[in-house]
1. At a 10 Å Cβ-Cβ cut-off, how would you order Ile51, Ile57, fewest neighbours first?
2. Taking a cut-off of 18 Å between Cα atoms, list the aspartates and glutamates near Lys114, but don't count ones fewer than 8 places away on the same chain.
3. Which value, in debye to the nearest 20, describes the size of the charge dipole of region 3-113 about its Cα centre when Lys and Arg Cβ atoms bear +1, Asp and Glu Cβ atoms bear -1, and nothing else is charged?
4. Over the chain, what is the relative contact order in whole percent, taking alpha-carbon pairs under 8 Å and six or more residues apart?
5. Going 7 Å from the Cα of Ala25 along its beta-carbon direction, which residues of region 89-107 have the amide nitrogen within less than 11 Å of the resulting point?
6. Quick one: work out the % antiparallel among DSSP beta bridges in the chain, nearest 5.
7. Check cross-link reach from Lys76 to the aspartates and glutamates: straight Cα distance under 13 Å, and skip same-chain residues fewer than eight apart.
8. Could you tell me the distance between the Cα centroids of region 19-49 and region 72-92, to the nearest Å?
Amino acid sequence: MSVLSKILNSKNEFSSKVEVLEVDAYKKAVNNNDVQLVDVRTPREFKGGHIARALNIDYFNSWAFKEGFEKLDKSKPVYLYCRSGNRSLKAANKLVKMGFEKVYDLKGGILKWK
């Protein structure tokens, strides 16, 4: 298998496990109290306002990131968001590598939520 096909295959694996949702679909999904909802912004950003019932696991703190997500159920979907959608998409790909089955990302982040 060539390096290029390995890269393309890994991208396909990510895209099937990571889904970016529009605000309306995301709101409907996280309205369920049983979802694993995670804000991957810094604690300071989180304190400035967040979606109700969200956990805060800072993407930039690699130790806390790993520790925080190790406590979650990898077989259940995880809903991520950040400020604009950039960090949460990177976090989503990390979670797939960690073994999470299904990850949803809020398109446009909390900026679009408000």
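All of the numbers you see were taken from the coordinates with simple rules; none came from a lab. Given the structure is predicted, the values throughout are model-derived calculations rather than measurements. For neighbour counting, all protein chains shown are included, and Cβ atoms are generated from backbone atoms with ideal geometry for every residue, glycine included.
1. Working: Ile51 17, Ile57 22.
Least crowded to most crowded, the residues run Ile51, Ile57.
2. Hits, sequence-local ones excluded: Glu22, Asp24, Asp39, Glu45, Asp105.
3. Values: 21 positive and 13 negative charges, 48 e Å.
That gives a dipole near 220 debye.
4. Numbers: 174 pairs, mean separation 35.4, N = 114.
Here the relative contact order equals 31 percent.
5. Only 104-107 pass the distance filter.
6. Details: 0 of 13 bridges.
Antiparallel: roughly 0 percent of the beta bridges in the chain.
7. Within reach: Asp34, Glu101.
8. 8 Å
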